Amino acid sequence: MVQRPIYLDCHATTPVDPRVLAAMLPYFTEHFGNAASVSHLYGWEAEAGVQQARATVATTIGATPEEIVFTSGATEANNLAIKGVAEAYLSKGRHIVTIATEHSAVLDPCRYLQTLGFEVTVLPVQQDGLVALADLEQALRADTILVSVMAANNEIGVLQPLAAIGALCHTRQVLFHTDAAQALGKIPLDVEAMQIDLMSLTAHKVYGPKGIGALYVRRRNPKVRLAPQLHGGGHERGLRSGTLYPPQIVGFAKAVELAIAAMPEETERLRALRDRLWQRLTVLDGLHLNGHQTQRLAGNLNISVAGVDGQALLLGLQPMLAVSSGSACSSAQIAPSHVLQALGLTEALAFASVRFGIGRFNTEQDIDQAAACTIATVRSLRQVAHV
Ligand SMILES: *Cc1c(COP(=O)(O)O)cnc(C)c1O
């Protein structure tokens with residue numbers, strides 16, 4: 001039997017935790033009702049599951065249930081937040097501020113809005129991946145309607161200073177949106193303490209099912225206005241029409257609940273595994289750590305290796321390790337990662353990068369094998385290069 005590669009790509013997605021699956025199953029068969037059916041038990045059961053899940057998701061971010069809009073994931077939540085605010089605040093202005101290392105699910109809606117006449121300022125980040133608050137402050141104008149800065153980066157794991165950004169935005173009366181797809185269940189999130197007005201969430205990065213997420217939309221101080229992007233039956237208080245998907249919603253909440261309960265110990269465990277991996281890899285010379293040393297997700301390690309070809313490196317690792325590289329991310333196009341380029345890396349170093357995403361089901365043995373495999377692959381590539 002062929003051995004399956006060790007999965008170390010937890011920023012791309014995670015497996016569904018068996019406890020999450022168990023919570024979901026009754027909602028496919030027994031409690032299969034339409035949560036919008038108000039005239040019978042089947043509808044009530046589905047609605048009860050959704051209601052409880054909504055409360056769970058809300059509580060974990062310091063929000064109220066009415067502030068949660070279920071979506072198909074973070075991509076849709078980002079689109080709803082950015083386009084929804086743009087459309088609703090036209091009378092205030094047409095200027096949006098974001099940063100260069102955002103996920104394409106933020107950058108692309110912004111680019112789309114540019115074609116409609118909106119102005120978008122894409123701020124650079126510093127070498128460590130953090131946005132400079134002074135840059136952000138300078139970028140704000142009287143007609144700025146929205147600042148969108150992610151909580152945790154999906155490539156380099158860098159954690160942006162949400163509370164400081166939130167405070168700045170509120171002082172200047174600009175709405176603050178954060179894409180927290182990678183942060184949910186990994187770091188504490190509190191929309192009050194961090195003064196966040198809109199927050200995108202997704203389940204599948206935190207051991208929940210794919211195809212479900214949410215947008216948090218602040219209801220008071222201030223009440224955020226949002227133009228819906230999907231029109232229909234008026235679900236989710238008119239902000240996102242479409243029949244709710246109770247198994248996914250219940251699974252999402254279960255995943256969040258489990259992650260929050262285990263967060264302190266799991267963060268320490270992942271940090272120890274990540275540091276162990278880094279420690280082992282440092283026998284290689286020409287190794288670069290991409291992103292801030294400590295201000296990053298515990299399970300993230302992103303490295304570049306000087307003097308090796310990026311494609312060859314990834315191909316070499318493939319049989320043993322399921323990891324991602326800083327290239328060929330989007331479709332058939334091979335381009336260096338926009339995130340690594342924003343850190344100032346050369347094209348060669350951006351290509352020759354490996355993203356390790358360590359997660360709940362990884363062990364010390366996985367880490368030791370990953371380190372050994374990476375070291376052996378790099379050494380053999382360098383040897384070939386010198387022949
Ligand atoms: C995965 C991810 C997304 C996309 O989320 P989906 O739920 O898959 O649409 C958006 N932003 C970030 C930072 C991500 O990591």
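Straight-line cross-link reach from LYS92 at under 26 Å between alpha-carbon atoms covers these lysines, not counting any fewer than eight positions away in the same chain: LYS83, LYS223.
Starting from 0.36 nm per residue, how many nanometres of slack lie between HIS170 and ALA36 once their C-alpha separation is accounted for?
Working it through step by step, the gained length comes to 44.6 nm.
With equal scatterers on the alpha carbons only and no solvent term, can you work out the Debye log10 of I(q)/I(0) for segment 18-257 at 0.10 1/Å? One equal scatterer on each Cα of segment 18-257 leads to -0.45. Per-atom-type breakdown for segment 18-257 gives carbon and sulfur 55% of the accessible area (1.4 Å probe, protein chains only). Taking every protein chain into account, the accessible area of the chain amounts to 43 square angstrom per residue (probe 1.4 Å). Under the simplified labelling scheme, the ALA335-ARG382 pair shows an inter-label distance of 3.2 nm, with each label point 7 Å from Cα along Cα→Cβ.
Take the Cβ-Cβ distance between ARG220 and ALA22 as r, set R0 to 30 Å, and report the resulting FRET efficiency rounded to the nearest 0.05.
0.25
For the chain, the longest principal axis of the Cα atoms and the long axis of helix 41-60 meet at an angle of about 60 degrees. Helical runs assigned H by DSSP (4 residues or longer) give the chain a calculated mean residue ellipticity at 222 nm of -12000 deg cm²/dmol, each run adding -39500 (n - 2.57) before division by the residue total. Model label sites at ASP190 and GLN3, defined 7 Å from Cα along the beta-carbon direction, differ in position by 4.5 nm. As a length-normalised measure over Cα pairs under 8 Å and 6 or more apart, the relative contact order of the chain settles at 22 percent. What FRET efficiency do you get for ALA55 and ARG280 if R0 is 41 Å and r is their Cβ-Cβ distance, rounded to the nearest 0.05? For R0 = 41 Å, the calculated efficiency reads 0.40.
Note on SER241 and SER91: the model spin-label points, each 7 Å out from Cα along the C-beta direction, lie 2.4 nm apart.
Of the peptides 28-38, 202-212, the order by per-residue mean of other Cβ atoms within 10 Å, starting with the highest, comes out as 202-212, 28-38. Amide H to amide H distances under 5 Å link ALA214 with THR71, GLY73, LEU201, THR202, where only residues 5 or more positions off or on other chains count and H is placed in the peptide plane. Residue by residue, segment 110-123 carries 3J(HN,Hα) couplings of 5, 4, 4, 5, 4, 5, 9, x, 7, 10, 10, 9, 9, 6 Hz when phi is fed to the Karplus relation 6.51 cos²θ - 1.76 cosθ + 1.60 (θ = phi - 60°); x denotes Gly or Pro.
The values are calculated or read from the model by the stated rules, or taken from the named source; none is laboratory data. From a predicted model like this one, the values you see are computed outputs, not experimental measurements. Every residue, glycine as well, gets a Cβ built from its backbone with ideal geometry; the counts of neighbours run over all protein chains shown. Surface areas here come from the heavy atoms of the whole protein model, side chains and all, with no ligands, DNA or RNA. Shrake-Rupley method; radii C 1.70, N 1.55, O 1.52, S 1.80 Å.
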